[in-house]
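Remarks on the structure that follows.
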Amino acid sequence: MCFFLENTFNSRLTCWSTSRWDRIVLNVASFKKCLNLWSSRDLSLYGKINIVKNLALSNMVFIVSVLSAPSGFVDQVSKLLSSFIWSHKPPKIKHSTMIGKIKDGGLNMPDFKIINKSLKAGWVKWLLNPQTKSWKKIQFDLLHHVGGPLLFECNFSIKTLRKCSSYHCFTATS
């Protein structure tokens, strides 16, 4: 076991301490509270989308930018957003239209699933930047048994990545 930034991990970085996930659950609770506060106001569809963009998603984006979200977390946040946008009623506009660009007839609503994947894919860009940084050594040491930096420059089998932490598997497949 090692301690890193006050979080407990096992040797494969797959297990967080329960208290850390409890804090994430509290963040989801505050996310719900924020949405419930604004749902009592009579906002237009564009107004609700602005609330989602500017207030609600900022905390959730921070969480998924540095952690591998547990299964169902991203779906739960997406459902909460949809429920807020449509005032707990069935959607009246397809999701693909909602997340589409305004110039294409969409409403430019952020899609939390896409945001999560793009944040993980951004890590690959930072890892492959030729500047030498000390934090990269930790990442490449964790991936040395599957090729280290070469992993991102070639085709690979998902089965090979089963040896990696869930965060690194998700990042590599994003």
For region 96-112, name all the residues that are surrounded by 13 or more Cβ atoms within 10 Å (Cβ to Cβ) and not aromatic (Phe, Trp, Tyr). Thr97, Met98, Ile99, Gly100, Gly106, Leu107, Asn108, Met109, Pro110, Asp111
Sort out which residues of region 36-61 are within 21 Å of the chain's Cα centre (by Cα) and in contact (Cβ under 8 Å) with a residue 40 or more places away in the chain, and write them in order of number. Ile49, Val52, Lys53, Leu57, Met60, Val61
Testing Trp86 on (1) touching a Lys or Arg at 6+ places or on another chain (Cβ under 8 Å); (2) touching a residue at least 40 places away in the same chain (Cβ under 8 Å); (3) surrounded by fewer than 16 Cβ atoms within 10 Å (Cβ to Cβ), one condition comes back false. Which one is that? (2)
Taking region 106-140 as the search range and keeping residues that are part of a helix (DSSP H, G or I) and polar (S, T, N, Q), which one is nearest to Ala69 (Cα to Cα)? Asn116
Quick check on this structure: which one of Val74, Val61, Val66, Val52 is at pLDDT below 85 and under 18 Å from Phe112 (Cα atoms)? Val66
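The values are calculated or read from the model by the stated rules, or taken from the named source; none is laboratory data. Values in this document were obtained by computation on a predicted structure and should not be read as measured data. Cβ: placed from backbone, ideal geometry, glycine included. Neighbour counts: every protein chain shown.
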